[in-house]
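Student: This structure is in structure tokens; I'll ask about it shortly.
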Amino acid sequence: MLTEVLYATPVSGLAGVLAGFTVGLKQLAPDYTVKLFRGALGFRVNDLPGFYTLVFPIVFTLLGDLGGVILVNVGFFEAFVYLRFYKRSGSVRGDRSEAFAFSTFFPELVQPVVRRLSTLVYRVAVKCKLITSEEGYQQAAVVDLDDVARRNVGELDSVVVVTDEVLSMEDSDADRRRALATKALDMRLGSGSSANNS
């Protein structure tokens, strides 16, 4: 029976890719609202991964597709682990913001329980040296800040703004990158308008 399931179950990766895509969307634009059918149906991108990983395994189970159930769950979990702990942005690895915590993928009623379980798994993973601890993450953020400061020596205001964002660790890494990009764009537009005025 087990060998039949193992070798006879067709597996295709699109379900896992879509689950990972929803996790990436949650990280990039959690507060964005998608409206369908001229506003009759709308949902927040923040809720999309939970909806996808709840509904589609049920659909795959009803269709008798065990491979789809496994792929949705593996794709979701793999995308979360990669984006949370391993994705590099400068010298910083992952997005350790509270807005992207594992418990935020679940309804508020069960979040305290999920938070306790995920904290336990996190501690075990740190002890096994699979991921870096929160202290290592903060040290990497400070090193990344020093790198930004070296590149922007003449722009002390932008360095001070970035310092507050990076050291607070409340905002996600994406917010920090957006702030830097906005500052750079403002500087370019300012230098372009002054060149046009002369």
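Student: Summing Lys, Arg as +1 and Asp, Glu as -1, what charge do residues with Cβ under 15 Å from the Cβ of Gly20 carry, Gly20 excluded?
Tutor: So the environment of Gly20 carries a net charge of +1.
Student: Mind checking the full-extension length gain between Ser91 and Arg188? Use 0.36 nm per residue of separation minus the Cα-Cα distance, one decimal, nm.
Tutor: Length gained between Ser91 and Arg188: 32.4 nm.
Student: Under 8 Å for C-alpha pairs, at least 6 residues apart: give me the relative contact order for the range 1-117, rounded to a whole percent.
Tutor: The value is 26 percent.
Student: Which loop GluC sites (Glu not before Pro) in the range 28-116, with loop taken from DSSP, have no more than 14 other Cβ atoms within 10 angstrom of their Cβ?
Tutor: Here the GluC sites (Glu not before Pro) that fit, given the DSSP loop and packing criteria, are Glu108.
Student: Now, a different point. Sort the following peptides by mean Cβ neighbour count (other Cβ atoms within 10 Å, averaged over residues), highest first: 112-120, 20-28.
Tutor: 20-28, 112-120
Student: Take the Cβ-Cβ distance between Lys35 and Leu130 as r, set R0 to 41 Å, and report the resulting FRET efficiency rounded to the nearest 0.05.
Tutor: 0.55
Student: Rounded to the nearest whole Å², what accessible area per residue is found for the range 1-85 with the 1.4 Å probe?
Tutor: 66 Å²
Student: Give the lysines whose C-alpha is closer than 27 Å to that of Lys35, dropping any in the same chain fewer than 8 places away, or say none.
Tutor: The qualifying lysines are Lys26.
The values are calculated or read from the model by the stated rules, or taken from the named source; none is laboratory data. Everything numeric in this text was worked out from a predicted model, so none of it was measured. Every residue, glycine as well, gets a Cβ built from its backbone with ideal geometry; the counts of neighbours run over all protein chains shown. Just the protein is used for accessible areas: all its heavy atoms, side chains included, with ligands, DNA and RNA removed. Shrake-Rupley method; radii C 1.70, N 1.55, O 1.52, S 1.80 Å.
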